[in-house]
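So the structure is just underneath, and the comments pick up after that.
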Amino acid sequence: MSEPILLAEGLDRSFGGIHAVNDVSLEIPEGSLHAIIGPNGSGKTTLFNLITGHTRPSAGRVRFAGQDITGMPYSKVARKGLAKSYQITTVFPLLTVFENVRIAAQAAEHSYVFWRPADRIKSVVRHTEQVLERIGLAHERDTIASNLSHGDQRRLDLAIALATSPRLLLLDEPTAGMSPTETAATVKLVEELNADVTILMIEHKMDVILSIADRITVLHQGEKLFEGAPAEVKSHPRVQEVYLTGSL
Ligand SMILES: Nc1ncnc2c1ncn2[C@@H]1O[C@H](COP(=O)(O)OP(=O)(O)OP(=O)(O)O)[C@@H](O)[C@H]1O
Ligand SMILES: [Mg+2]
C-alpha cells in the first residue's frame, strides 16, 4: 500500500491547564473522506491547527505527501497542496465572489510556468470559472460576498480552498449554521469533491457524517475515544453514551 497522504503521530498540545489534544494519531489514505467528531471543546479544531501549522504541537509529528511538515507555517504547507476551509470564514466581504476565488487561484498558480503574462491571467480566470461552476456559484460570480446567503458564503469558503488545487482539503464544520436544505446540498458537494481530493472534515451533525465518511475518528476531551467505519462508530457503546448525554 502507498504511503498515506497525511500521517499524524502522537500530536499533543496544552493551553495552560487544558490538555486540548492528547497524543492523537491519524492516518488518512489518499482519496478517502475521513471525519472527526466530538463534543464541543474536545480538541477538533486544535487538532486541525496542529496539522496545518497554525498551532505548534508540543509533541508529535505530521507528514504530508511524504514530507515532514511539523511546525511548518501554513503559508508553506498550503503551497504543498493542503488547503483548509475554516469555521471562521476567510472571505473578503467587500469583493465579489469571482474576485475572492481569483485571488486564491492566483496565489496558488505559481506552479505553472507561462512566458506571457496574458496567458497567465487567462489561465487563472479559466481556473476561477471552473471552480465556481464546480461549486455551483457561477450564477453569483458578480455578487459582493457579504450579500450572499449564509449557505452560499460557506460555499464560497469551499471555492476559495478548492481554487488552490489541493491534494488534501480540511473542512471545519462545513454545514455549521446551515438549513437542512443547504446542509443536504453541501453534503452532496463534499461527496462530489471527494472524487478528486482527499477530505478530512470536522462535523457536528452525526447523520451527515454517517452517510458520507469512509472512516470516523471520535475525539473526547482531547483524546481519541474511537476510530472506525460509520457503522462501527454508530454502534459503539462509548460513542452512544457521549451522544446520549447530549454533548455532541
Ligand atoms: N488558543 C487557545 N488558547 C487557550 N485555550 C484554547 C485555545 N484553543 C483551544 N483552546 C481550548 O482547547 C480545548 C479544545 O478546543 P477546540 O477549539 O479544539 O475544540 P473543538 O472540538 O473544536 O470545539 P467546537 O466543537 O466547539 O468547535 C477547549 O477547552 C478550548 O477552550
Ligand atoms: Mg472547533
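Okay, here's what the table says:
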quantity: Cα-Cα over 25 Å, subset of 80/188; 84/234; 44/76; calculated: 80/188; 84/234
quantity: Base-10 log of normalised Debye intensity for the stretch 127-167 (one unit scatterer per alpha-carbon) at q = 0.31 Å⁻¹; calculated: -1.16
quantity: Test item: Cα-centred dipole of the chain, Lys/Arg +1 and Asp/Glu -1 on Cβ, debye; calculated: 660
quantity: Karplus-derived HN-Hα couplings along the stretch 45-61 (A = 6.51, B = -1.76, C = 1.60, θ = phi - 60°), whole Hz, x at Gly and Pro; calculated: 5, 4, 4, 4, 5, 5, 6, 7, x, 6, 10, 7, x, 7, 7, x, 10
quantity: Net +/- balance of residues flanking residue 31 in space, Cβ distance below 11 Å, scoring K and R +1, D and E -1; calculated: -2
quantity: Only Lys, Arg (+1) and Asp, Glu (-1) charged, at Cβ; the stretch 83-165 dipole about Cα centre in debye; calculated: 200
quantity: Extreme residue, positive dipole direction of the chain, given options 8, 118, 26 (C-beta unit charges); calculated: 118
quantity: Residue of 237, 57, 166 that the Gaussian network model of the chain assigns the largest fluctuation, springs spanning Cα pairs under 10 Å; calculated: 237
quantity: Helix-only [θ]222 nm of the chain, DSSP H runs n ≥ 4, -39500 (n - 2.57) each, per residue, nearest 500; calculated: -11500 deg cm²/dmol
quantity: Total formal charge among the other residues, if their Cβ is under 11 angstrom from that of residue 203, Lys/Arg +1 and Asp/Glu -1; calculated: -1
quantity: Footprinting exposure proxy for 55, 181 (fewest neighbouring C-beta atoms within 10 Å first); calculated: 181, 55
quantity: Share of pairwise Cα separations in the stretch 164-218, more than 14 Å, in percent; calculated: 51
quantity: Overall dimensions of the stretch 190-232 as given by Cα atoms, namely Rg and Dmax in Å; calculated: 11.1, 33
quantity: Vicinal HN-Hα couplings computed from phi for the stretch 178-185 (Karplus, 6.51 cos²θ - 1.76 cosθ + 1.60; Hz; Gly/Pro x); calculated: 8, 6, x, 5, 4, 4, 4, 5
quantity: Ratio Rg/Rh, restricted to the stretch 89-248 and using Cα atoms, in which Rh is the Kirkwood radius; calculated: 1.05
quantity: Neighbourhood net charge (11 Å Cβ-Cβ; Lys/Arg +1, Asp/Glu -1) for residue 187; calculated: -3
quantity: Dipole axis of the stretch 41-183 (+1 Lys, Arg; -1 Asp, Glu on Cβ), positive-most option in 128, 156, 51; calculated: 51
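Just so you know, all these numbers are worked out from the coordinates, no wet-lab data involved. Every value quoted in this text rests on a predicted model; they were computed, and no experiment measured them. Every residue, glycine among them, receives a Cβ derived from its backbone with ideal geometry; neighbour counts consider all protein chains shown.
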